[in-house]
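Q: The structure that follows is given in the form of structure tokens.
The values are calculated or read from the model by the stated rules, or taken from the named source; none is laboratory data. Not measured: the values here are computed from a predicted model. Note: ideal-geometry Cβ built from the backbone for every residue, glycine included; neighbour counts use all protein chains shown. Ligands, DNA and RNA are excluded from the accessible area calculation, which covers all protein heavy atoms including side chains. Shrake-Rupley method; radii C 1.70, N 1.55, O 1.52, S 1.80 Å.
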Amino acid sequence: AVWTKAEETTFLEFLLQALPASGDGGFKAPTFNQAYAHLKIKHPHQRGTEKVGTVCKNKWTLLKKAYQSVVEIKCTSGFTWSDDHGVGITDKKDDIWAHFIKSHPYARPFMMKGFDHFDIMQQLMPSKSKGSHV
């Protein structure tokens with residue numbers, strides 16, 4: 001399926017509204033089917049494959065991997081992050097970046113561009129904090 005930025009935003013905003021019923025971001029098939037219906041109303045002229053529930057679920061999986069990659073970039077010493085320019089590496093032969101994307105393949109798109117949905121994804125992702133003293 002071909003997703004526009006507007007469709008991705010509509011999808012993520014829908015998931016944010018569904019979050020309280022999901023149990024900390026564990027969205028199930030009915031939520032993705034509802035997202036499909038919502039997308040069809042909000043964006044009636046979509047390109048590519050129809051964004052049915054399974055397509056929405058796959059998109060959610062990819063967006064989570066992209067988010068986790070950006071978090072890894074932000075936590076990696078030696079990299080800087082810009083919401084507009086990503087890591088900002090202009091040399092495609094940069095050895096450090098080449099090594100990083102071998103172990104973080106979903107980080108590849110962020111070499112010279114930011115992740116538009118980082119803030120909303122941060123709200124959608126489950127908290128990693130556990131334990132009684134957190």
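Q: Could you tell me which of the residues Lys57, Lys74 is in contact with a Phe, Trp or Tyr (Cβ under 7 Å, 6 or more places away or on another chain) and surrounded by 15 or more Cβ atoms within 10 Å (Cβ to Cβ)?
A: Checking each option against the conditions leaves just Lys57.
Q: Do you know which of the residues in region 20-37 that are under 15 Å from the mean Cα position of the chain (by Cα) and farther than 18 Å from Val55 by Cβ is least open to solvent (accessible area, probe 1.4 Å)?
A: This residue is Gly25.
Q: Taking the conditions exactly as written (surrounded by 14 or more Cβ atoms within 10 Å (Cβ to Cβ), within 12 Å of the chain's Cα centre (by Cα) and not aliphatic (A, V, I, L, M)), does Gly86 satisfy them or not?
A: No, not satisfied.
Q: Any idea which of Phe118, Phe100 is of a type outside the set (D, E, K, R) and buried (at least 18 other Cβ atoms within 10 Å of the Cβ)?
A: Answer to the check: Phe100.
Q: Can we say Asp94 is among the acidic types (Asp, Glu) and either at pLDDT 95 or above or open to solvent by 80 Å² or more (accessible area, probe 1.4 Å) (or both)?
A: So Asp94 does not fit the description; no.
Q: For region 1-42, what are the residues that are in a loop (DSSP other than H, G, I, E, B) and either touching a residue at least 40 places away in the same chain (Cβ under 8 Å) or under 21 Å from Phe115 (Cβ atoms) (or both)?
A: Of everything in region 1-42, those that are in a loop (DSSP other than H, G, I, E, B) and either touching a residue at least 40 places away in the same chain (Cβ under 8 Å) or under 21 Å from Phe115 (Cβ atoms) (or both) turn out to be Ala1, Val2, Trp3, Thr4, Asp24, Gly25, Gly26, Phe27.
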